[in-house]
Every structure is written in C-alpha cells, then in structure tokens.
Amino acid sequence: MSLDFNTLLERYADLAERVGLNLQPGQRMLVRAPIDAAPLVRLIIDRAYQDGARFVQVIWRDDQNAVSRLRYAPRDSFTEFPTWQASAMEEYARDGAAMLAIISPDPDLYNGLDSDAVATMQRTERQQYQPYLEHVVRST
C-alpha cells in the first residue's frame, strides 16, 4: 500500500507533536521552522490546538533572506541580530513551553558568498541564542 504525500505529512505531524513533544493541555508551544516547511508546521499547529495547546507561536526562517543579506547588506551589519527572536525563545523555554525546531539546512546555500561575512553572521546568531541554548543543553 502506497501512501500519498499528504497522508505521510499528516503522520509526521502527529509523530512530531504527539510523540516528540508530548505537548500537555494548557502548555504553550514555540515552533522555529523554515518557511518551506509551512505545510508541515500548519498540521503540527492543528494537532497542538486539538491536543489542548494554550498558544502556539511560530518564528519563521527564510534562508533566502540570509542570502540576500550576505550579497547586498553593508559589511559592518553582520554583527546585528533581531534580539527579540532570541529573547522570545529563551522566554518560552524558561516558562516550560514545548519547543520544536524544524531544521532543513541546504549545504550549498552560502556557496560563493563571503565566508567571513557568513562566519560573522552565524557567530552573532549563536551568541544571541546562548541563553536559549543553555535550556536545550539542560533539557529544561
């Protein structure tokens, strides 16, 4: 029996939300995902609310925005980062929210771009996310 893509996507959403997260009724949830994963994220959000989520927030990531930035933004801007994102993620983690990160990196995304700018941008992002990452490391 061959399953169609939508059926498989629904099953994956069930697995991610119901098994992977074990979301509890009344719990808040934060999802960080690439914009390309929108169909999956929407299914996960449906399941989360059906299972009693209090509130679900999504922080979308669009890697093509980063490519545009690396190509055209001023070179001295790569140490800037939207601190609200890191603060929101740390707040949700600190408050015991269910946290889901969907990651689908493209290994060729930054090919041909300034490697120093890429490194600076990624280092800045890691530094900003450090308080959140401490929750991840401690499984809190």
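Only the coordinates and a few stated rules stand behind these numbers; no lab work does. As the structure is a prediction and not an experimental result, all values here were calculated from the model. FYI the Cβ positions are ideal-geometry reconstructions off the backbone, even for glycines, and counts take in every protein chain you see.
Run the helix sum for the chain: -39,500 (n - 2.57) per DSSP H stretch of 4+ residues, divided by residue count, reported at 222 nm to the nearest 500 deg cm²/dmol. Walk me through the numbers before you get to the answer.
Numbers: 5 runs with 68 residues, N = 140.
Calculated mean residue ellipticity at 222 nm is -15500 deg cm²/dmol.
Using every alpha carbon pair in the chain, what percent of pairs falls into each 10 Å bin from 0 up to the bin containing the largest distance?
That works out to 11, 35, 32, 18, 4, 0, in percent per bin.
Placing unit charges on C-beta atoms (Lys and Arg positive, Asp and Glu negative, everything else neutral), compute the dipole magnitude of the chain about its Cα centre in debye, rounded to 20.
Details: 15 positive and 20 negative charges, 65 e Å.
Dipole of the chain, to the nearest 20 debye: 320 debye.
Could you sort 124-130, 95-101 so that the peptide with the highest average Cβ count within 10 Å comes first and the rest follow in order? Don't skip to the answer; put the middle values down first.
Numbers: 124-130: 14.3, 95-101: 16.1.
The most tightly packed comes first, giving 95-101, 124-130.
With a Förster radius of 30 Å, plug the Cβ-Cβ distance of L109 and S87 into 1/(1 + (r/R0)^6) and report the FRET value to the nearest 0.05.
After rounding, the FRET efficiency stands at 0.70.
Ranked highest first by the average count of other Cβ atoms within 10 Å around their residues, in what order do 74-80, 48-54 fall?
On the way: 74-80: 11.6, 48-54: 16.4.
Top of the packing list down: 48-54, 74-80.
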